[in-house]
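See below for the structure under consideration.
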Amino acid sequence: MYVFKAAVLGAGTMGAEIAQVISLSGLPVVLKDVDEGQLGRGMAHIREIYGRRVQRGRLTEHDAEDRLALVQPQLDYKGFSDVDLVIEAVPEKLALKQAVLGEVEAQVSMTALLATNTSALPVTEIGQSLARPQRLVGMHFFFPASVMKLVEVIAGERTDEEYIDSAIEFVESIRRVGVRVRECPGFLVNRILMAGLAEVLRAERDLSLEPREIDAVVAASKLAPMGPYALADALGLDIAQDVAQTLQAAYGERFDLGDRIANLIAQGKRGAKTGEGFYTYTG
Ligand SMILES: NC(=O)c1ccc[n+]([C@@H]2O[C@H](COP(=O)([O-])OP(=O)(O)OC[C@H]3O[C@@H](n4cnc5c(N)ncnc54)[C@H](O)[C@@H]3O)[C@@H](O)[C@H]2O)c1
């Protein structure tokens, strides 16, 4: 299956980045959100990514404008009838994902491929709201998608093999590396990442360490480009918490993040996207 036009649902942390990657490969992409402010911020973020590519000499200003023009921001489903692939990137809530995908299914053609960017929810359950669940795949990009090459591709119990093949082909066509991963809570990468984050939060509490100290040591070790607190802030603390809860329900207390992150969220501090999380962000 060829993808001539794609759509992304949700213009947040991930949706905007995914739309940028798709547009960079020369494909038109509709970016839909329900919140005008989020849509504006998503488009501003895409513009910023292109701006950086121009600054680094990787794209001419003219080419960057052309690619940016391929992203169509909107609040409705206009133009979805000829979309070949929809990637859902709305918040990590099962009922919301089911509702949104059920809604979009009525807008697209019978053959369109549907994908969810869920971090940890079962693709099979997300597909329960669909008339044709065989066309739903997990297509899990990592933050920041404009940089990270890996994409986990996951089949639900009812996904048809031909849609998995199409998903892998699409991922490769946008210059990413698609890795087929078995359906299980957290898939592969988040299962490792969240176990590590839970352990770090326990060490902080038990040894009275400072996040800044831990991040500095991890970054200096060069084992990871940034420390776990900076990473959690970048991912979004609410998203990290939702993912950890799914994993805790499946695998038990080794995924328990304690109340450290929950306390920050209760104060409205959801990480870099809200200007504050473990760290404070300006500009
Ligand atoms: N943040 C990460 O690092 C990361 C990484 C990989 C995967 N994910 C997954 O990607 C998904 C999105 O995460 P995010 O961090 O981008 O969340 P986010 O909160 O930054 O953005 C979600 C966006 O969805 C929009 N939205 C809500 N309801 C909608 C609807 N009905 N239709 C269209 N848009 C709607 C919101 O307005 C918001 O702009 C989640 O499933 C998450 O687990 C996140």
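Report, in debye and to the nearest 20, how large the dipole of the chain comes out about its Cα centre when Lys and Arg carry +1 and Asp and Glu carry -1 on their Cβ.
Approximately 520 debye in magnitude.
Give me the Debye-computed log₁₀ of I(q)/I(0) at q = 0.11, 0.14, 0.19, 0.22 Å⁻¹ for the stretch 189-274, equal point scatterers on Cα only, no solvent, two decimals. After summing over all Cα pairs, the log10 values are -0.27, -0.45, -0.85, -1.15. Measuring max minus min along each principal axis, the C-alpha atoms of the stretch 108-175 give extents of 35, 23, 20 Å (largest first). Across the stretch 1-48, Cα-Cα distances exceeding 12 Å account for 56% of all pairs.
Tell me, how many Å apart are the Cα centres for the stretch 1-76 and for the stretch 143-185? Spelled out, the Cα-based centre of one part sits 20 Å from the other. Each principal axis of the Cα atoms in the stretch 1-123 has its own extent, and those three values, largest first, are 42, 27, 25 angstrom.
Pairs from the list LYS78/LYS269; LYS32/LYS222; LYS5/LYS269; LYS97/LYS222; LYS93/LYS149; LYS93/LYS222 with a Cα-Cα gap above 32 Å: LYS78/LYS269; LYS32/LYS222; LYS5/LYS269; LYS97/LYS222; LYS93/LYS222.
Computed across the chain, the Kirkwood radius stands at 19.4 Å (inverse of mean 1/r, all Cα pairs).
Note on SER23, SER166, SER208, SER81: ascending count of other Cβ atoms within 10 Å places them as SER208, SER81, SER166, SER23, the fewest first. Put in order of Cβ neighbour count within 10 Å, fewest first, the listed residues ASP33, ASP206 become ASP206, ASP33.
Every number here is computed from the coordinates shown, using simple stated rules; none is lab data. Owing to the predicted nature of the structure, the values given are computational and were not obtained by experimental measurement. Reconstructed Cβ throughout: ideal geometry from the backbone, glycine too, with neighbour counts over all protein chains shown.
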